[in-house]
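Before any comments, here is the structure.
Coordinate-derived values only; no laboratory data. Please read all numbers here as calculations on a predicted model, not as lab measurements. Neighbour counts are summed over all protein chains in view; Cβ atoms, including those assigned to glycine, are modelled from backbone coordinates with ideal geometry.
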Amino acid sequence: MTPLSSARVIVISLSLGLTVAFIVFFLIAPIRGYPLRVNEAQELMNIVIPTFSGYLATAAALIFRKPDDAAVDLSPLTTFMLISTAVVFVTLNVVLFWVFYFASKLQAPYTPMDYPTLKTVFLTILSIMTAVYALAIAYLFNAGKANA
């Protein structure tokens, strides 16, 4: 598998994996005692799922175009960037949702994290992933295309 193919597989795998992980979490969390109401979980799902669906749609649209034989060299830094961005994204979300869960259990004089704060921080973390992956997908799946 070429470095370009590997990078493309990484993007698609991470996008699909994170889509499934978020859907499962947001569907199960409210009924398993996580401090999100069903409508809040649905709202967060409606924020994140279009982002990953957009990555997949862009990749699919470019995959099904007529291939170009131009060679493209990718540095190991490309793979590192894709994987490390996903790791940062997942780590920050695990920490955020862990803090939200345990903050909801706090008693006075401590203040629990409220839903609007959770949503704002979640959007901020998502923007990190979006900034890197939107550009990466446009390049990786358009790489070698003469008229792109």
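In order along the stretch 53-61, phi translates into HN-Hα couplings of 5, x, 4, 5, 5, 5, 4, 4, 4 Hz, rounded to whole numbers, per the Karplus curve 6.51 cos²θ - 1.76 cosθ + 1.60 with θ = phi - 60° and x for Gly and Pro.
Phi angles across the stretch 88-101 convert, under the Karplus curve 6.51 cos²θ - 1.76 cosθ + 1.60 with θ = phi - 60°, into 3J(HN,Hα) values of 4, 4, 5, 4, 5, 5, 4, 5, 4, 6, 5, 4, 4, 4 Hz, Gly and Pro given as x. Could you point to the label whose value was computed as Rg/Rh (Cα atoms, Kirkwood Rh) for the structure here, given (i) 1.04; (ii) 0.94; (iii) 1.07? Only one option fits the structure, namely (iii). The stretch 1-34 and the stretch 108-144 have Cα centres spaced 14 Å apart.
Restricting the stretch 1-56 to trypsin sites (Lys or Arg not before Pro) that sit in a DSSP loop and have at most 12 other Cβ atoms within 10 Å of their own Cβ leaves Arg37.
Can you give me the angle between helix 115-140 and the longest principal axis of the chain, using Cα atoms only, in degrees from 0 to 90, rounded to the nearest 10? Helix 115-140 and the main axis of the chain meet at about 10 degrees.
Amide hydrogen proximity for Ser104: with H placed 1.01 Å from N in the peptide plane, the residues at 5 or more positions away or on another chain lying under 5 Å are Met113. Between the Cα long axis of helix 3-28 and the first principal axis of the chain there is an angle of about 20°, rounded to the nearest 10.
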